[in-house]
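The values are calculated or read from the model by the stated rules, or taken from the named source; none is laboratory data. It should be emphasised that the depicted structure is a prediction, and the values quoted were computed from it without experimental measurement. Cβ placement follows ideal geometry from the backbone for every residue including glycine, while neighbour counts extend to all protein chains displayed.
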Amino acid sequence: MKMHPLYPLTFHPCYKDTFWGGNAIAEQFNRPHTPTPCAESWELCGLASDASVVAHGAFEGTTLCELVQAFGRDLVGTKAPDAEVFPLLFKVVDAHQRCSLQVHPDGATAERLGVLPKHELWYILKTFGEAEIWAGVAPGPEQLEGLANRVYRHATHEGDVFDIPAGLVHAIGSGNLIFEVQQSSAAAFRIDDWGHGRELHLEQALRSLNWQATPGIYPERLMKGRDLTPRVVTPHFTFATLDLHRVRTLHTTCHSFMVLFCASGKTTLGHSGPHPLTLLPGDLVLIPPQMYITLHPLAEETRLLVTTL
């Protein structure tokens, strides 16, 4: 496999038809073949059960797991915790109905429970109606009974960012279309499913819950004179927004890959390889370490979401 050099990689999304989803992913990103309802689109995933498949170029048809096994740190970078594991998972989430109230484990708790830890971040792509998320618990007894009545509600608006650390009780409210960045993990312990009847995970949730945890809330803002705006730095990834008003060159170092997601507008992506790309809303591309790219905006208000380790 290493006979071909790495290049900016695009992948086929993997759709999840959970009942609380809607049609926003299909409608907003011109994807007519999504299931109905479509709750999540897994844009980039290194979990073996749902490994993303390359969509173009020399590695078309190859899974992300296979690429990581072949290239190691040439693909994940020196900051990745494990050279043989892609450390992050990227999703688009369409919450047409309220999602379950849940919590994710941190590293120590995940190890004890035999799962993987999960810290995640939400970027609000679009809201429909009076949308909100739930995150954080008001002071009171450290028990799960009645917990749903003590969770804080936060209104959401396009461009807002919410940092959701492990141990934080949270739920996505209806009317949110979200770009999600998270550690590569499927661990989510339900505390309340609002009467839908799915399994709850009360023992694991209680062991994972950090009663003092609070969300990081970063409203949409524009910094004068800057197009690349850092939004959140976590121990596991960094997240920024890039508003393209001119031709822009970006590069990755040996430390990390870069993931770009087109939130709005249109841009070309040039690089040294044979596969130039055009990014439209909903498109995601993985830029390997030690690579230069050139972005040419083709529409006003072109915004890219930028994630690195």
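For the stretch 79-114, a tally of residues being under 30 Å from Pro35 (Cβ atoms) and touching a strand residue (DSSP E or B) at 6+ places or on another chain (Cβ under 9 Å) returns 20.
Considering the stretch 206-305, the qualifying strands (runs of 3 or more DSSP E), each wholly inside and each with 1 or more residues that are over 23 Å from the mean Cα position of the chain (by Cα) and surrounded by 14 or more Cβ atoms within 10 Å (Cβ to Cβ), run over 248-251, 267-270, 292-297. If the condition is being without any contact (Cβ under 8 Å) to a residue 60 or more places away in the chain, under 26 Å from Arg303 (Cβ atoms) and in a loop (DSSP other than H, G, I, E, B), then the stretch 118-174 contributes Gly129, Glu130, Ala131, Thr156.
Would you point out which residue out of Leu75, Leu64 is in the same structural domain as Thr127 (by TED's automatic domain parsing), under 18 Å from Val259 (Cβ atoms) and in contact with a helix residue (DSSP H, G or I) (Cβ under 8 Å, 6 or more places away or on another chain)? On inspection, the qualifying residue turns out to be Leu75.
Comparison of Ala55, Ala39, Ala80, Ala70 shows that the only residue that is of a type in the set (Gly, Ala, Ser) and in contact with a Leu (Cβ under 7 Å, 6 or more places away or on another chain) is Ala80. Answer yes if at least one residue in the stretch 78-92 is under 28 Å from Glu158 (Cβ atoms), in contact with a Lys or Arg (Cβ under 6 Å, 6 or more places away or on another chain), at pLDDT 95 or above and of a type outside the set (D, E, K, R), and no otherwise. No, the stretch 78-92 contains no residue that is under 28 Å from Glu158 (Cβ atoms), in contact with a Lys or Arg (Cβ under 6 Å, 6 or more places away or on another chain), at pLDDT 95 or above and of a type outside the set (D, E, K, R).
So, in the stretch 257-274, exactly how many residues are under 20 Å from Trp122 (Cβ atoms) and touching a Lys or Arg at 6+ places or on another chain (Cβ under 8 Å)? I'd like the intermediate steps shown before the answer.
So in the stretch 257-274, the residues under 20 Å from Trp122 (Cβ atoms) come out as 258-264.
Among the residues that remain, those that are also touching a Lys or Arg at 6+ places or on another chain (Cβ under 8 Å) are: 262-264.
Total satisfying the criteria: 3.
Answer yes or no as to whether Leu125 is touching a strand residue (DSSP E or B) at 6+ places or on another chain (Cβ under 9 Å), at pLDDT 95 or above, hydrophobic (A, V, I, L, M, F, W, C) and more than 30 Å from Ala24 (Cα to Cα). For Leu125, the condition - touching a strand residue (DSSP E or B) at 6+ places or on another chain (Cβ under 9 Å), at pLDDT 95 or above, hydrophobic (A, V, I, L, M, F, W, C) and more than 30 Å from Ala24 (Cα to Cα) - is not met. Contact map, the stretch 226-252: first residue over 17 Å from Ala263 (Cβ atoms), second residue β-branched (Val, Ile, Thr) and surrounded by fewer than 17 Cβ atoms within 10 Å (Cβ to Cβ), Cβ cut-off under 8 Å, separation 6 or more or different chains; pairs are Val247/Thr294; Thr249/Thr294. If you check Thr78, Thr109, Thr18 for being farther than 25 Å from Val151 by Cβ and β-branched (Val, Ile, Thr), only one passes: Thr78.
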